[in-house]
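What follows is a single structure, written as structure tokens, with notes after it.
The values are calculated or read from the model by the stated rules, or taken from the named source; none is laboratory data. On a predicted model such as this, the values are computed, not experimentally measured, just so you know. For neighbour counting, all protein chains shown are included, and Cβ atoms are generated from backbone atoms with ideal geometry for every residue, glycine included. These area figures cover heavy atoms from the full protein model, side chains too; ligands, DNA and RNA do not enter into them. Shrake-Rupley method; radii C 1.70, N 1.55, O 1.52, S 1.80 Å.
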Amino acid sequence: ALKPVFPVVPGVLATCDDPAVMGCDFFVMERIAGIIPRQELPAGLGFDAAMTRKLCINVIDKLVELHSIPLIPEPSPGGRAAGGEGLLSLGKGEGYVQRQVEGWSRRFRDARTDDVSDFEAVMEWLAANRPPREVAIRVIHGDYRFDNVVLDPADPFTVIGVLDWEMATLGDPLMDLGNSLAYWVEAGDDEYFRATRRQPTNAPGMLTRDEVVAHYAARTGLPVANFGFYLVFGLFRVAVIVQQIWRRYRDGSTRDPQFARFGPLVDYLEGRCRRLARI
């Protein structure tokens, strides 16, 4: 549904709903050959600070482009618009913020172990401070990060692919931005938060979180005066994901040694949420 109006979505080559093949429904998608920025920018790019800033803005602008897509496209002269009846079937839309706050709060309580903070003050703050309605209803990605974009090898400033759409839906675009910035570790952050970095957002030239919000607001015209709520929620959502993994690690259902540090990370994120929310 999205491919005709957002071409950087990988094409779907085939789908299968026969459980005899793999035991589940599955699809085969196009491979987009390119550069995926991970913890560090590839040294071979040779980017200086100005070039890194240009890349950063282009990646943010691709999210702006996604959030600018009309849900019901205008028909083209003499024919139907790309997307047919539009994108309204991709999610429920209105009420998204409330569903997210309630759903992730429930997931944390279900996954909580007795050795981590209870997050009750944070969850109460989110419930009390969530906006009464969405600033807009748009297509949102749900996990937009540097390591989910593909850059053109011939022009690494250009995003040619956006990956991992399993959380995409219709919802509040500021929630999407807040979720992205929860992973945005910048050079001036404390040592513990810097140790969690998985993308090159600390590189010289990268925008700070505040600069990202200001740039996004200037490009979209959306109100960001209460963006603190969205940032706290994004960090809380990360904490829930970390706690779910920590519970599985404690139970022995996953054994990756990197997860041994996730319990203290949950506590750190609780403190970071409380500082941002001033509670």
| task | Measure off 7 Å from each Cα along the Cα-to-Cβ vector at A20 and D267, then give the distance between these two points in nanometres to one decimal. | result | 5.5 nm
| request: Under a cut-off of 25 Å between alpha-carbon atoms, report the lysines in cross-link reach of K92, not counting same-chain residues fewer than 8 places apart. | output: K3, K62
| task | Between A33 and K3, with labels modelled 7 Å along Cα→Cβ, what's the label distance in nm to one decimal, could you check? | result | 2.0 nm
| query | Taking the chain as a Gaussian network, where each spring joins two C-alpha atoms under 10 Å apart, which residue of D17, D115, D176 fluctuates the most? | reply | D17
| field | Cα gyration tensor shape for the range 72-225, rounded if a/c is under 1.5, else prolate or oblate | value | oblate
| query | Under the definition of Cα pairs under 8 Å and six or more residues apart, what whole-number percent is the relative contact order of the range 123-279? | reply | 21 percent
| Value at 222 nm in deg cm²/dmol, rounded to 500, when DSSP H runs of n ≥ 4 in the chain each add -39,500 (n - 2.57) | -13000 deg cm²/dmol
| request: Note down the relative contact order for the chain as a percent, whole number, built from C-alpha pairs under 8 angstrom at least six residues apart. | output: 23 percent
| Relative frequency of Cα-Cα separations exceeding 35 Å in the chain, percent | 20 percent
| request: Report the accessible area of R109, computed with a 1.4 Å probe over the heavy atoms of all protein chains in place, in Å² rounded to the nearest 10. | output: 120 Å²
| With the Cα gyration tensor of the range 130-176 giving a ≥ b ≥ c as the square roots of its eigenvalues, does the rule (a/c under 1.5 for rounded; else a/b larger than b/c for prolate; else oblate) give rounded, prolate or oblate? | prolate
| message | At 20 angstrom or more along the helix axis (alpha-carbon based) and mean Kyte-Doolittle of -1.0 or higher, what helices does the chain contain? Whole DSSP H runs only. | response | 49-67, 227-251, 262-277
| query | Given the C-alpha centroids of the range 117-191 and the range 1-80, what is the distance between them in whole angstrom? | reply | 15 Å
| field | Prolate/oblate/rounded label for the range 138-239 (Cα gyration tensor, a/c 1.5) | value | rounded
